[in-house]
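Comments concern the structure below.
The values are calculated or read from the model by the stated rules, or taken from the named source; none is laboratory data. All values reported here derive from a predicted model rather than from experimental measurement. Every residue, glycine among them, receives a Cβ derived from its backbone with ideal geometry; neighbour counts consider all protein chains shown.
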Amino acid sequence: MDTRNLSEKRNFSRVKVPGIKVSFKLLDPRTWSTYHEKSLNMVENISLGGLAIKTNNELTVKAPVGIDIKISPDQDPIRTFGRVAWIRKEDGDNDNYIMGISFSWWKKEEDKKILRNIIEKNQS
């Protein structure tokens, strides 16, 4: 997928926030219940609309995922749900991918507010 023009299609600007990690669970699309749990991954960039992560898991576009965003070790994770928006191989690395996930809904509205504050603090 050509990701060069994605910024023109996005409703939210993305920021880099050092230290944020995310774990995700592949969900059963019929019930949105956990199907397969995946590992902790580094966040490339994040917005209120979604995030991009480095991963060694190749998922299909539109696959439903449950997401735990870990801001810091002493803070509970932010929980949200979404779908894989795009995926591509990382340049020069056959085993790793960059994957974009768009958020569909939030477990708690308070989590969305916390993420909004973090994004605002990291905008340049």
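Picking from Asn117, Asn45, which residue would you name as being loosely packed, with under 13 Cβ neighbours inside 10 Å, outside any loop (DSSP other than H, G, I, E, B) and modelled with pLDDT of 90 or more?
Asn117
Residue under question is Asn122, and the condition is that it be under 17 Å from Arg14 (Cα atoms), of a type outside the set (A, V, I, L, M) and touching a residue at least 12 places away in the same chain (Cβ under 8 Å); does it hold?
Numbers: under 17 Å from Arg14 (Cα atoms): yes; of a type outside the set (A, V, I, L, M): yes; touching a residue at least 12 places away in the same chain (Cβ under 8 Å): yes.
When the stated conditions are applied, Asn122 passes them.
Inspect all residues belonging to region 17-38 and state whether any of them is in contact with a Lys or Arg (Cβ under 7 Å, 6 or more places away or on another chain), at pLDDT 90 or above and not charged (D, E, K, R).
No, that holds for no residue.
Test of understanding: among Trp86, Trp106, which residue is touching a helix residue (DSSP H, G or I) at 6+ places or on another chain (Cβ under 7 Å) and at pLDDT 85 or above?
Working: Trp86 fails: touching a helix residue (DSSP H, G or I) at 6+ places or on another chain (Cβ under 7 Å).
Of Trp86, Trp106, the one residue that is touching a helix residue (DSSP H, G or I) at 6+ places or on another chain (Cβ under 7 Å) and at pLDDT 85 or above is Trp106.
Kindly indicate which of Thr60, Thr80 is crowded, with 18+ Cβ neighbours inside 10 Å, modelled with pLDDT of 90 or more and hydroxyl-bearing (Ser, Thr, Tyr).
Going through Thr60, Thr80 in turn, just one is crowded, with 18+ Cβ neighbours inside 10 Å, modelled with pLDDT of 90 or more and hydroxyl-bearing (Ser, Thr, Tyr): Thr80.
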